[in-house]
Amino acid sequence: MADPPRSARSSWTTAAPVLALVVLVLVWGRDLGGVLVGVVAVVLAAAVLAAVHHAEVVAHRVGEPYGSLVLAVAVTVIEVALIVTLMTAGGPDASTLARDTVFAAVMITCNGILGLSLFLGAGRSGTTSFNAEGTGAALATVATLATLTLVLPTFTTARPGPEFSSAQLAFAAVASLALYAMFVVTQTVRHRDFFLPVGSDGDVLAEEEHASPPTARAAATSLGLLLVALVAVVGLAKVESPAIESGVAALGFPQSFVGVVIALLVLAPETLAASNAARRGRTQISLNLALGSAMASIGLTIPVIAVASLWLDGPLALGLGSTQLVLLALTVVVGVLTVVPGRATRLQGGVHLVLLAAFLFLAASP
């Protein structure tokens with residue numbers, strides 16, 4: 001099916017973020033009935049699709065890997081704001097919210113987005129190629145960040161329970177920022193070629209030339225609309241959360257599963273953008289989005305939560321439980337085996353998708 005005319009596509013992608021923001025203002029703090037829940041869900045879906053469009057416009061203007069970085073950081077900054085807001089409102093009962101949200105984001109990105117990207121990217125020829133140097137560096141950084149912030153608190157003894165002491169939390173926050181900053185410099189300055197799409201022979205692919213790059217003004221407009229759309233996505237996801245909670249309770253799932261559902265909604269723009277890139281044979285862009293999002297989710301969230309903990313009531317539990325530790329360890333091991341060859345088949349993508357399914361199943365039935 002042919003794409004819609006550019007003017008029509010630009011029209012609705014401009015209107016959708018603004019409409020979503022207006023709807024968010026109108027329904028914020030209200031109890032939604034069945035009809036309003038459906039309306040908000042439709043507007044939320046439109047905002048997600050618009051966010052993907054504007055992210056691709058910005059990426060086309062600035063080139064890779066900057067385009068992937070823009071979407072990953074934008075989503076994560078708003079995700080952090082949502083976590084802090086919910087923790088402030090939740091009090092002591094929200095002590096595990098940051099851990100659960102970050103872990104869900106890591107599993108969704110490193111297994112869901114990455115697995116889907118490999119599965120779609122290998123669709124035409126049966127295999128898909130990517131740069132093992134850049135992807136391996138990203139995976140190593142994600143594994144280190146996850147271990148320092150989510151695994152070690154389970155085993156430290158300075159405080160009872162899966163908590164860091166103040167000094168340990170400060171160290172984890174500084175280490176997270178340092179690792180994320182070093183990776184961004186590596187990705188965008190020192191070794192940018194490690195994160196560019198490659199062909200089956202391992203050579204870097206030329207930029208796509210099916211359309212001329214947008215003007216600076218168009219890219220700036222899309223960047224603004226991207227931020228508006230992401231704010232609306234996160235806000236509307238929070239507005240929908242009571243309905244989601246009711247649905248989760250009706251299904252008999254634990255209340256913590258609500259965080260998984262909201263994480264899936266927040267990461268929907270990146271999932272769609274990564275899928276589009278994989279279908280075009282740009283698997284490396286998809287992997288940049290997946291691992292970059294996981295890295296930003298930890299590297300930006302933990303420092304902010306560390307600062308916020310100074311005024312938040314109650315403990316801050318960051319350490320993972322035994323089931324979560326097993327899933328994280330398996331994800332890292334499988335990820336290494338996937339990345340090292342620099343090429344993958346649908347099998348590798350399927351393995352990661354099964355790991356995501358296992359995470360979702362065990363989150364629903366711990």
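The values are calculated or read from the model by the stated rules, or taken from the named source; none is laboratory data. The structure presented is a predicted model; accordingly, all values stated were derived computationally and were not measured. Glycine also receives a Cβ, built like all others from the backbone with ideal geometry; neighbour counts cover every protein chain displayed.
Give the residue that is modelled with the lowest pLDDT, with candidates limited to residues of segment 156-167 that are exposed (fewer than 13 other Cβ atoms within 10 Å of the Cβ) and among the hydrophobic types (A, V, I, L, M, F, W, C). Among those residues, the one meeting the criterion is ALA158. Checked against the criterion of being over 22 Å from the mean Cα position of the chain (by Cα), within 30 Å of PHE171 (Cα to Cα) and of a type outside the set (D, E, K, R), segment 323-334 has no qualifying residue. Restricting attention to segment 290-317, the residues that are part of a loop (DSSP other than H, G, I, E, B) and either more than 18 Å from ALA175 (Cβ to Cβ) or under 21 Å from the mean Cα position of the chain (by Cα) (or both) total 6.
Against the test of being free of Cβ contacts under 8 Å to residues at least 40 places away in the same chain and in contact with a helix residue (DSSP H, G or I) (Cβ under 6 Å, 6 or more places away or on another chain), the options ILE244, ILE298, ILE305, ILE285 yield a single qualifying residue, ILE244.
The residues of segment 282-326 that are among the charged types (D, E, K, R) and buried (at least 16 other Cβ atoms within 10 Å of the Cβ) amount to a single one, ARG282. Among the candidates PRO17, PRO4, the residue that is at pLDDT 80 or above and more than 30 Å from LEU316 (Cβ to Cβ) is uniquely PRO17.
In segment 245-273, the residue that is nearest to the chain's Cα centre (by Cα) out of those that are surrounded by fewer than 18 Cβ atoms within 10 Å (Cβ to Cβ) and part of a helix (DSSP H, G or I) is LEU264. If you go through segment 20-36 and pick out every residue that is surrounded by fewer than 21 Cβ atoms within 10 Å (Cβ to Cβ), over 22 Å from GLU270 (Cα atoms) and modelled with pLDDT of 85 or more, you end up with 4. Just one of the listed residues (LEU320, LEU287) is outside any helix (DSSP H, G or I), closer than 19 Å to MET107 by Cα and either over 22 Å from the mean Cα position of the chain (by Cα) or at pLDDT 85 or above (or both), namely LEU320.
From PRO153, PRO197, grab the single residue that is buried (at least 17 other Cβ atoms within 10 Å of the Cβ), of a type outside the set (S, T, N, Q) and modelled with pLDDT under 90.
PRO197
In segment 200-217, of all residues being at pLDDT 60 or above and exposed (fewer than 13 other Cβ atoms within 10 Å of the Cβ), the one that is nearest to PHE130 (Cα to Cα) corresponds to SER200.
Filtering segment 168-178 to residues that are surrounded by fewer than 19 Cβ atoms within 10 Å (Cβ to Cβ) and touching a residue at least 24 places away in the same chain (Cβ under 8 Å) leaves ALA170, VAL174, ALA175, LEU177.
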